[in-house]
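Step one of this worksheet: look at the structure below.
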Amino acid sequence: MILRRVWRCTRRSFSSFPYNRYPLDAPNCNVPRNIAKRVGTNLHRQPQHPLGILQRRILEFWQPHGFQLYDQLSPIVSTTHNFDHLRIPSDHVSRSPSDTYYLNATTVLRTHTSAHQHELLKTGQNRFLVAGDVYRRDEIDRSHYPIFHQMEGVKIFAPHEQNLIQSELKESLEQLAEHLFGQHITKRWIDTYFPFTEPSFELEILFEGEWLEVLGCGVIHPEVLAKAGRGEQMGYAFGLGLERLAMVLFQIPDIRLFWTHDERFHRQFASGEIVRFEPYSKFPPCFKDISFWLESAFHVNDLNEIVRDVAGDLVERVWLIDDFVHPKTGKTSHCYRIAYRSMDRSLTNEEIDDLQEVVRNRVVNDLGVILR
Ligand code: FA5
Ligand code: MG
């Protein structure tokens, strides 16, 4: 009984956010309370959570190759570590407060585990993994969530092995996919761009009829190594999206489920093993549209954040359904559709109407748009 209570309380409400050091009402802070309070939850370190089970399974793959895991590094990092050391230019969109949670002008909630590459490379490590929670203001749908988890991997090679790097990188990640999923998945490599790797790739897996991007990787850019005092060396790095891999592995259809408190979810993973998730029921979605004229700067992530703030995990998806420029005034109008759906219960019409009304008021007050 006591044990059970302790377990619940760690699962539910533990927050290690240092409110004293970083007050949320400080001038440059755009972190809402519902995000701050989940800092320190560490889903990836809970042995009976799908993310914990997955993390263990990934470790089984890398540890025999001599990789050391860091999974307790603070998600509060400097902009220097999150961006500059990785050659992310000062005008790159990912730095904008519309995309990143800032605690103050030079401190952010890390947007990726790559934020730790520099410090660990500096200590002379040659094979390491970093797992942790990362934070982004992003779209709302079943595979995007403002807090998610990544596992970074870095391997540095001896000078005479350098021609192996790219092929070993791809082969290892394909073997990892096989270790996790067996032969039964369809995957493809996509060429992409990251400022901190060259060349760069993403791996996509076919999941429920759609390509799901599960990781980014590449050969570490020489300047990243040079900045960390490792100028003569070369290596590879990758960043796994743990929720996305877990969705495929456990057949979890919606990313919000990782945060549910519903026992019908958690008891399915009590064994700590890989099991196929059995949806306990599917409740109907409820759609509401909101249209407004844009005034000055508008970013859809600001709307997304309001909807998340008001509706929490009751929001399933937000998307643009109409984009219109008035021929006379030249003003732009957007219409967004919001899908509300609970993972755990039926919602009443009144409940949704109330939420939508709060969203409408907040959009006017906070974003200065004009409702149509
Ligand atoms: C990165 O974050 C790079 N740091 C990855 C990397 C590391 C590249 C090392 C090269 C070397 P990206 O933004 O694509 O890349 O995110 C990596 C993965 O995180 C994605 O493939 C996806 O699986 C997952 N991901 C990204 N955004 C979200 C989100 N909002 N919700 C859930 N998972 C996400
Ligand atoms: Mg990507």
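Please treat every number below as a calculation from the coordinates, not as lab data. Nothing here was measured: the structure is a model prediction, and the numbers come from that model. Methodologically, a virtual Cβ is constructed for each residue, glycine included, from the backbone with ideal geometry; neighbour enumeration extends over all protein chains shown.
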Excluding residues fewer than 8 places away in the same chain, name every one of the lysines whose C-alpha is closer than 28 Å to that of Lys288.
Lys331
Which value, in nm² and rounded to one decimal, describes the direction-averaged projected area of the C-alpha convex hull of the chain?
20.9
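Could you list His184, His92, His221 so that the one with the fewest beta carbons within 10 Å of its beta carbon is first and the one with the most is last? Intermediate values should be presented prior to the final figure.
Numbers: His184 6, His92 12, His221 19.
Ranked by crowding around the Cβ, least crowded first: His184, His92, His221.
In square nanometres and to one decimal, what's the mean projected area of the convex hull around the Cα atoms of segment 215-265?
The orientation-averaged projected area of the Cα hull of segment 215-265 comes to 5.2 nm².
How about segment 243-310: which GluC sites (Glu not before Pro) there lie in a loop by DSSP and see at most 15 other Cβ atoms within 10 Å? Each step should come with its number before you reach the end.
Values: sites: Glu243, Glu263, Glu273, Glu295, Glu305; in loops: Glu273, Glu295.
Loop-located and lightly packed - Glu273, Glu295.
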Amide H neighbours of His221 at under 5 Å, excluding residues fewer than 5 places away on the same chain, with H built from the backbone geometry, are Thr197, Glu198
Using just the helices of the chain, give the 222 nm mean residue ellipticity in deg cm²/dmol: DSSP H runs with n ≥ 4 each add -39,500 (n - 2.57), and the total is spread over all residues, rounded to 500.
-8500 deg cm²/dmol
Select from Glu60, Glu202, Glu161 the residue whose mean-square fluctuation is largest in a Gaussian network model of the chain (Cα-Cα springs shorter than 10 Å).
Glu161
Give the angle, between 0 and 90 degrees and rounded to the nearest 10, that separates the Cα long axis of helix 165-181 from the longest principal axis of the Cα atoms of the chain.
60
Test of understanding: in a Gaussian network model of the chain with alpha carbons linked when under 10 Å, which of Asn349, Asn30, Asn20 would top the mean-square fluctuation ranking?
Asn20
With each label point set 7 Å from Cα along the Cα-Cβ vector, what nm distance links Gln251 and Ser346?
2.6
Relative contact order of the chain, defined on C-alpha pairs under 8 angstrom at six or more residues apart (%)
15
Which whole-Hz ³J(HN,Hα) couplings does segment 77-89 yield from phi under the Karplus relation 6.51 cos²θ - 1.76 cosθ + 1.60, θ = phi - 60°, glycine and proline marked x?
9, 7, 4, 4, 6, 6, 10, 4, 4, 9, 6, 7, x
Take a quick pass over segment 33-256 and tell me how many lysine pairs come in under 28 angstrom between Cα atoms, counting only ones 8 or more apart or on separate chains.
8
Once you wrap a convex hull around the alpha carbon atoms of segment 119-249, what is its projected area averaged over all directions, in nm²?
8.4
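Taking segment 295-362, which trypsin sites (Lys or Arg not before Pro) meet the DSSP loop condition and have no more than 11 other C-beta atoms within 10 Å? Walk me through the numbers before you get to the answer.
Working: sites: Arg308, Arg317, Lys328, Lys331, Arg337, Arg341, Arg345, Arg360, Arg362; in loops: Lys328, Lys331, Arg341, Arg345.
Within segment 295-362, the qualifying trypsin sites (Lys or Arg not before Pro) (loop, at most 11 other Cβ atoms within 10 Å) are Lys328, Arg345.
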